[in-house]
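These notes are about the structure you will find just below.
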Amino acid sequence: MWLIKGCIIFFALHAFAISVKAENGHDLWLRKQTAHMVNVVCKKQSPMLNIARQELRRGWLGRAGASFTLTIKPDKSIKGDGYKLDSSGVQAGTEAGILYGVYDLLRRQQTGDLTQPVISNPSYERRILNHWDNLNGTIERGYAGRSIFWRNENDSLLTVTENDKDLWLEYARANASVGINGSVINNVNASAKILTAEYLKKVKAIANVLRQYGIKTYLSVNFSSPALLGKLKNSDPLAPEVIQWWKDKVKEVYQLIPDFGGFLVKANSEGQPGPQDFGRTHADGANMMADILKPYGGIVMWRAFVYSSNDKDRAKQAYTEFTTLDGQFRDNVIIQVKNGPIDFQPREPFSPLFGAMKKTSVMPEFQITQEYLGESIHLVFLSTMWEECLKSDTYQQGAGSTIGRCTDGSIYPQKYTAIAGVANIGLDSNWCGHLFAQANWYAFGRLAWNNQLSSEAIAEEWIKLSFSAGDAVQPTTIDNNDWQDRFLVPVKQMMLQSREAAVRYMMPLGLHHIFYPNHHYGPAPWWAPKDVRADWTPPYYHQADTNGIGFDRTATGSNAIAQYHEPLASQFEKPSTCPEIYLLWFHHLPWTYNVKSGRTLWDELCYDYEKGVDEVRGFQKTWDMVQPYVDAQRFSEVQSKLRRQCRDAQIWKDACLLYFQQFSQMPIPFDIERPVNDLDYLMKMNPLTYKAL
Ligand code: GCV
């Protein structure tokens with residue numbers, strides 16, 4: 001009888017344990033620890049040093065009762081906010097450096113990476129999130145709920161509550177823990193309203209919170225603000241009254257926020273106003289602002305994302321426009337360049353502007369939010385994509401002129417170095433919509449700090465910080481080795497494979513921008529209404545016809561290849577030497593063209609789509625197999641998103657193969673799965689909502 005009773009109690013407790021083991025992901029990679037006692041020694045007191053102290057007490061996993069010293073003292077080997085770390089303490093030249101060192105130490109204690117001592121210096125001086133948050137609380141390309149900074153008119157627009165401040169503080173802490181030290185808190189498609197006195201009051205409140213963790217606040221500004229707000233007759237950057245307007249405005253901003261970081265500007269791009277509206281150049285516009293910001297230590301991040309419909313190849317335009325201005329920008333202007341020449345596609349060759357602007361500071365812009373990579377539905381670890389970009393060799397100053405080195409001051413003497421990531425953060429309880437999207441925020445911070453890190457190391461860290469053997473349904477039956485083999489290894493493998501899988505089921509072999517319009521979620525290679533400009537339609541990019549497929553960017557085509565430095569230009573020029581991952585980016589080739597595997601181009605395309613879908617099915621299995629190691633809530637959320645990802649990967653494959661088959665007129669190889677959706681149906685439904693058009 002006692003045995004039965006015992007069993008009932010055991011199962012009841014066990015069931016309870018399962019049901020309470022739920023986590024909503026809000027703690028990110030900073031989950032609560034059962035910390036040991038630590039004696040923190042620090043001669044100085046300051047709010048930031050107090051945070052460092054508090055973090056050590058909250059997370060110390062070293063020897064109980066050990067002492068740990070925080071020392072602010074310059075050292076030749078320490079640069080900027082870098083630090084020196086060993087098991088007895090951290091030394092840095094700045095308070096922020098101490099904080100970063102403390103986070104590094106705690107991360108090492110938690111992940112078991114106790115290699116010491118360490119000297120760690122940031123690759124980029126400014127490591128910045130760009131929030132595309134609109135002032136009405138919506139987020140352009142945001143998939144994790146509404147803005148954490150802005151609300152709509154019906155919701156006490158500009159009030160700042162204690163809850164707001166608490167959330168901003170959590171946000172700032174998460175950023176600081178990975179070394180991010182700047183936030184642009186409004187959309188680059190900027191409303192002029194951000195510079196009104198009432199909005200600036202709120203900006204000040206946000207800056208006051210972010211500053212506590214060493215984060216500078218920046219604003220996106222609308223180039224026409226002098227006309228829109230100041231009621232001037234225009235916003236010509238060379239007009240004295242316009243310059244005076246910006247001077248007054250900048251003064252007002254710095255009176256409120258003395259450590260304000262500067263402006264981010266999207267000018268003469270996608271309908272945004274800019275200096276060209278007044279016959280001036282990008283340099284005229286950027287320099288006018290830079291001169292005004294300079295006395296305050298502010299910078300201008302001027303975006304190179306410009307294109308117009310009158311050019312034959314959108315991929316060439318930023319390079320053409322900006323290289324001619326090289327040397328004309330002030331030293332506190334940084335040109336912000338997207339990783340690829342078009343627009344954050346699942347795969348692009350790097351933008352040829354990197355390394356080509358030799359007398360101008362340039363900063364990379366990555367997109368953390370998954371506009372083109374499955375929103376917050378698909379599991380895609382973007383670190384591998386950014387690593388690919390940062391490690392790409394531009395050859396601009398000989399072999400080894402990687403994008404990382406061309407932008408971090410190693411090759412060109414930039415006065416300021418910076419890197420930006422378009423944030424994927426919203427009010428969702430887990431911040432990013434998808435649990436694994438948190439890994440992209442994390443990875444951006446880690447790469448911004450150290451652009452040499454490998455995605456594998458980053459994925460491993462993130463997994464170890466976000467999950468643990470203690471999360472298992474029956475933690476007592478699992479030892480650490482077991483957890484590593486059965487959880488860490490397969491989940492890491494899934495993450496590392498995920499971006500390549502997405503490229504395969506969306507647009508393999510260099511295909512690009514064949515997305516459904518506006519939301520950019522699913523496929524629409526056919527979409528080309530007559531009244532829409534060609535460079536906003538997929539056929540402009542894939543150029544499929546009965547002769548073949550791909551965009552000819554060779555010397556006989558648009559000649560975009562000439563924008564790359566040798567030996568890349570020659571390598572890209574010939575299909576036989578062009579890396580196959582970029583084949584259809586640079587070449588229009590017959591369907592029967594033989595690729596390196598010996599297959600025809602058409603067959604290769606079919607196998608790639610098939611493989612991409614199969615890989616996602618594999619991710620589903622991996623995740624189901626690790627169920628015993630994950631709490632119920634996080635497990636089921638990811639499981640259900642993977643189901644949707646699988647359905648939609650199948651849609652990608654079916655839509656693209658059935659559509660392109662109309663031109664290739666070749667059979668889908670018989671050893672791969674047949675499409676399961678009709679093209680006619682796919683062409684009539686919205687792939688995000690599945691609703692008929
Ligand atoms: C903020 C793409 C996106 C736009 C975005 C733009 C940009 O075109 O679709 O939503 O606008 O890039 O980076 O400025």
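The values are calculated or read from the model by the stated rules, or taken from the named source; none is laboratory data. This structure is a prediction, so every number in the text was calculated from the model and none was measured. Glycine also receives a Cβ, built like all others from the backbone with ideal geometry; neighbour counts cover every protein chain displayed. Please note that ligands, DNA and RNA were not included when accessible areas were found on the heavy atoms of the full protein model with its side chains. Shrake-Rupley method; radii C 1.70, N 1.55, O 1.52, S 1.80 Å.
In the stretch 679-688, how many are open to solvent by less than 70 Å² (accessible area, probe 1.4 Å) and either in a loop (DSSP other than H, G, I, E, B) or within 15 Å of Arg644 (Cα to Cα) (or both)? Outline the logic, then answer.
Going through the stretch 679-688, the residues open to solvent by less than 70 Å² (accessible area, probe 1.4 Å) turn out to be 679, 682, 685-688.
This time we only want the ones that are either in a loop (DSSP other than H, G, I, E, B) or within 15 Å of Arg644 (Cα to Cα) (or both), so: 686-688.
Number of matching residues: 3.
May I ask you to verify whether Leu353 is modelled with pLDDT of 95 or more and surrounded by fewer than 23 Cβ atoms within 10 Å (Cβ to Cβ)? First the steps, then the outcome.
Working: modelled with pLDDT of 95 or more: yes; surrounded by fewer than 23 Cβ atoms within 10 Å (Cβ to Cβ): no.
Spelling it out, it is not the case that Leu353 is modelled with pLDDT of 95 or more and surrounded by fewer than 23 Cβ atoms within 10 Å (Cβ to Cβ).
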Would a scan of the stretch 71-91 turn up a residue that is more than 16 Å from the ligand (Cβ to nearest atom), out of contact with any Cys (no Cβ under 9 Å at 6 or more places or on another chain) and in a helix (DSSP H, G or I)? no
Go through (1) under 25 Å from Glu125 (Cβ atoms); (2) more than 16 Å from the ligand (Cβ to nearest atom) for Thr196 and report which single condition fails. (1)
Residues (open to solvent by 20 Å² or more (accessible area, probe 1.4 Å) and within 27 Å of the chain's Cα centre (by Cα)) located in the stretch 569-583: Pro579, Glu580, Ile581, Tyr582
The condition of being at pLDDT 95 or above and open to solvent by 20 Å² or more (accessible area, probe 1.4 Å) holds, among Asp343, Asp326, only for Asp326
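I'm trying to understand the selection: among the residues of the stretch 507-558, which are part of a helix (DSSP H, G or I) and within 16 Å of the ligand (Cβ to nearest atom)? Steps first, please.
Step one: list which residues in the stretch 507-558 are part of a helix (DSSP H, G or I), which gives 534-536, 538-542.
Ala534, Asp535, Trp536, Pro538, Tyr540, Tyr541, listed by residue number.
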For Glu566, work out the one condition from (1) touching a residue at least 60 places away in the same chain (Cβ under 8 Å); (2) surrounded by fewer than 16 Cβ atoms within 10 Å (Cβ to Cβ); (3) part of a helix (DSSP H, G or I) it doesn't fulfil. (3)
Considering each of Ser19, Ser46 in turn, give the residue that is farther than 26 Å from Thr111 by Cα, of a type outside the set (Lys, Arg), modelled with pLDDT of 95 or more and surrounded by fewer than 17 Cβ atoms within 10 Å (Cβ to Cβ). Ser46
Of the conditions (1) at pLDDT 95 or above; (2) open to solvent by 50 Å² or more (accessible area, probe 1.4 Å); (3) at negative phi, Asn480 clears all except one; give me its number. (1)
Restricting the search to the stretch 298-310, which residues are free of Cβ contacts under 8 Å to residues at least 12 places away in the same chain and more than 16 Å from the ligand (Cβ to nearest atom)? Asn310
Here the residues within the stretch 245-270 that are within 16 Å of the ligand (Cβ to nearest atom) and either outside any loop (DSSP other than H, G, I, E, B) or closer than 17 Å to Leu229 by Cβ (or both) are Phe263, Leu264, Val265, Ala267
Somewhere in the stretch 499-514, is a residue open to solvent by 40 Å² or more (accessible area, probe 1.4 Å), small (Gly, Ala, Ser) and either over 26 Å from Ser177 (Cβ atoms) or within 21 Å of the chain's Cα centre (by Cα) (or both)? no
Could you list all residues from the stretch 327-340 that are within 18 Å of Val265 (Cα to Cα), part of a loop (DSSP other than H, G, I, E, B) and not polar (S, T, N, Q)? Phe329, Arg330, Asp331
Pairs needed: first member in the stretch 70-98, under 20 Å from Arg126 (Cα atoms); second member anywhere, among the acidic types (Asp, Glu) and open to solvent by less than 10 Å² (accessible area, probe 1.4 Å); C-beta distance under 8 Å; at least 6 residues apart or different chains. Tyr83/Asp104
Can you tell me which residues in the stretch 271-284 are away from the ligand (no atom under 16 Å from the Cβ), out of contact with any Lys or Arg (no Cβ under 9 Å at 6 or more places or on another chain) and open to solvent by less than 10 Å² (accessible area, probe 1.4 Å)? Pro275
Have a look at Ser183, Ser147 and point out the one that is in a strand (DSSP E or B) and either in contact with a strand residue (DSSP E or B) (Cβ under 8 Å, 6 or more places away or on another chain) or within 16 Å of the ligand (Cβ to nearest atom) (or both). Ser183
